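To start, the structure itself, in structure tokens.
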Amino acid sequence: MGKYKPIPSTKTSPENDNRINYIAYFCLILFVLLVPFFPDEKLVRLKLLSLQTLLFFTAIFTAADMVYKKKVVLTSVPVNLPIFLYLSYIGIHYAVSQDKPTAMTELTRNILSAIIFFTAARVVDSYKKVKLLVTAWTISAVILAVYGIAQHYGGFMIMPKVKFDVPQMDRIMSTFGNPIFFAVFLVTTLPLSIAAAFTAKKLFTRILFIFCVVVLLIALYFTYTRAAWIAAGAALVVFAFVLIRTLRARIMFLVIATVLLGVFAFSTRTVWLRFQEHPLIWRDTVVMWTKHPIAGIGLGTFHLYFPKHASAELKKIFPQERFIVNDAHNEYLQILAETGVIGFILFFAIICSYYLFLHKIFTQKVGHTGEQRVWLSAIAGSVTAVFVQNIFSVDMRFIISSVYLYLVMGITAGIGCANKETVLVKMPMAWQRGIASAIILFTAYYSAGMVLKPYFAQRKLAQTPDFFEQKLNNPETQLAELQQLAVEHPADPRVHEKIGWVYAKQKMFTQAIDAYEKSLKIQPSHGVFNNMGNVYFLALNNKDMAIKCYQESLKLSPHQVDARLNLGVAFYYKGMLKEAADQFKKVLEIDPNNEKAIIYYKKMVE
């Protein structure tokens, strides 16, 4: 008889069950490894585009894993409910907003943050996965830190006669477009990189991670960001204080830490004594909040309404026509101002429930290994750093900062409640899974369109030549012919309008204004008022006259797009942001794909 061969089992192994989940985890690895390298420049937000792209792929694969396993589940963690409630409140705010294009940025930020939280909670479910994720994160962070340090020195020598040149900066920002945003990235990374050094098995690996920590600290120093320095101190204190178990050791640590921090503060006193206008902004923000205490002024609209509440003292420091105070420099005050007491309470519910959950993990009767305690302490420090820094700034308004915070919170949920699931929906039938798949694909397609729309608008707008840069063929001949027509037909407004148009093309602006005024005396025309407004605004820098011309144009033809768009731009450069937003909003009601209106909405926020 032949050897007995067992019938292969048709049951899917746990490894196969988790293969899609591992793809989602791999997307998170790519996220922390690649996204920081993309530059963050105003309007052309490659960092944001890469972030959104990778997060959408992560979310799609996570959703596909649920469809494959025939159930929609969430990792059972107390933070789920407050995050869901806060996101729902933000959604309601967006739905009732009178400034939807402005509110969309905040809605997107909160959706992306929730996506990475729930995804990380599901796919980062072991300390082994945390280590690999943090390793990729640290590799990316240290390379960017080296680049940032190079910015401080203006480059460095690679070898004799070969220099790596970098534009020199007083406050380094690496690829983040702003020292503050780079600093919050560093303070979020530092505790996790320290934990990687503590838990490394091999001496060489430990030394390598210690080197990375030193580089990150040097880069953080060169950002000269006081809020980040305070946050880093808070993070390291929390990390060490939670890790140390005895009261005596904790007291000794606090004494040593206090002395070291005092020495550091004294040696960097010139930075600490730098002029600070934040208290004035905080005071005026509270004044603005008192006008709408319950539900706030509206999602993402701080920069639109704040100029009307800014004090004369603050306007002396930041003249309205030259500076835009587009945030409160305190995330919690900004949440209070924009979403009212309700939003403020819901957001603080997230913070409180997270720390209660973290405390519960530490006090579980089933003890943790020393290595696990190190990682949990580092996570506590990392999250604390972001919360502390946002007392003095609004880093979470920068989407990548918010997403990194929610990523670390999601990691806490994943390792704290691994294999604990709440089943929301079961999908045993094929048609149910088909509908779910269709919803996923539609959401991905719609979201991709929303993400890419501003970038396509910027690209198209950049390719549009400026009016005054367009050259005419034989302008002298055209002017001679038109002037002859003006002699023959002095009462024809079209001739004078055309003469003004040619003069404007030739950058003979005084003559252009004279010709346009002659045309208007004969017959008022919305097109002539609009063109004359362009000359006043773009060529003569007379914003007040330009605004009057655009308004006259709109009186004659309220539904035209050009004059309304131009009026919005003039208001924008006058620092009248609410008035500018109203005009851009009306433009988008007429033309939803208007590139210029889309771009200026982004400019107001950035």
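Okay, here's what the table says:
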{"quantity": "Which numbered condition residue 372 fails, given (1) under 27 Å from residue 197 (Cβ atoms); (2) part of a strand (DSSP E or B); (3) of a type outside the set (A, V, I, L, M, F, W, C)", "calculated": "(2)"}
{"quantity": "Within the range 170-184, tally of residues that are hydrophobic (A, V, I, L, M, F, W, C), buried (at least 22 other Cβ atoms within 10 Å of the Cβ) and part of a loop (DSSP other than H, G, I, E, B)", "calculated": "2"}
{"quantity": "Filter pass, residue 102 being within 27 Å of residue 380 (Cα to Cα), among the hydroxyl-bearing types (Ser, Thr, Tyr) and in a helix (DSSP H, G or I)", "calculated": "no"}
{"quantity": "One residue from 398, 387, 392 being under 19 Å from residue 141 (Cβ atoms) and at pLDDT 75 or above", "calculated": "398"}
{"quantity": "Tally of residues being in contact (Cβ under 8 Å) with a residue 12 or more places away in the chain and either outside any loop (DSSP other than H, G, I, E, B) or buried (at least 16 other Cβ atoms within 10 Å of the Cβ) (or both) across the range 293-325", "calculated": "22"}
{"quantity": "Qualifying position, being in contact with a His (Cβ under 9 Å, 6 or more places away or on another chain) and assigned to a helix (DSSP H, G or I), among 361, 379", "calculated": "361"}
{"quantity": "Of all residues making up the range 75-126, the number that are more than 30 Å from residue 577 (Cβ to Cβ) and basic (Lys, Arg)", "calculated": "1"}
{"quantity": "Residue list for the range 67-83, restricted to those being in a loop (DSSP other than H, G, I, E, B) and of a type in the set (Lys, Arg)", "calculated": "69, 70"}
{"quantity": "Residue match in the range 580-598 (condition: on the phi > 0 side of the Ramachandran plot, under 38 Å from the mean Cα position of the chain (by Cα) and touching a residue at least 60 places away in the same chain (Cβ under 8 Å))", "calculated": "no"}
{"quantity": "Unmet requirement for residue 104, which otherwise passes all of (1) closer than 23 Å to residue 23 by Cα; (2) modelled with pLDDT under 90; (3) among the aliphatic types (A, V, I, L, M)", "calculated": "(1)"}
{"quantity": "Hits in the range 158-169 - residues which are within 22 Å of residue 223 (Cα to Cα), surrounded by 10 or more Cβ atoms within 10 Å (Cβ to Cβ) and of a type outside the set (S, T, N, Q)", "calculated": "164, 166, 169"}
{"quantity": "Selection within the range 122-136 - at pLDDT 90 or above and either among the small types (Gly, Ala, Ser) or within 19 Å of the chain's Cα centre (by Cα) (or both)", "calculated": "136"}
{"quantity": "Which numbered condition residue 121 misses (of (1) closer than 30 Å to residue 377 by Cα; (2) out of contact with any strand residue (DSSP E or B) (no Cβ under 6 Å at 6 or more places or on another chain); (3) hydrophobic (A, V, I, L, M, F, W, C))", "calculated": "(2)"}
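Residue-wise test of (1) assigned to a helix (DSSP H, G or I); (2) in the same structural domain as residue 20 (by TED's automatic domain parsing); (3) surrounded by fewer than 23 Cβ atoms within 10 Å (Cβ to Cβ); (4) without any contact (Cβ under 8 Å) to a residue 12 or more places away in the chain.
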| site | (1), (2), (3), (4) |
| --- | --- |
| 65 | yes, yes, yes, no |
| 85 | yes, yes, yes, no |
| 90 | yes, yes, no, no |
| 98 | no, yes, yes, no |
| 114 | yes, yes, yes, no |
| 132 | yes, yes, yes, no |
| 146 | yes, yes, yes, no |
| 156 | no, yes, yes, yes |
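The values are calculated or read from the model by the stated rules, or taken from the named source; none is laboratory data. Keep in mind it's a predicted model, so treat the numbers as computed, not measured. Here the Cβ is made from the backbone with ideal geometry for all residues, glycine too, and neighbour counts use every protein chain on show.
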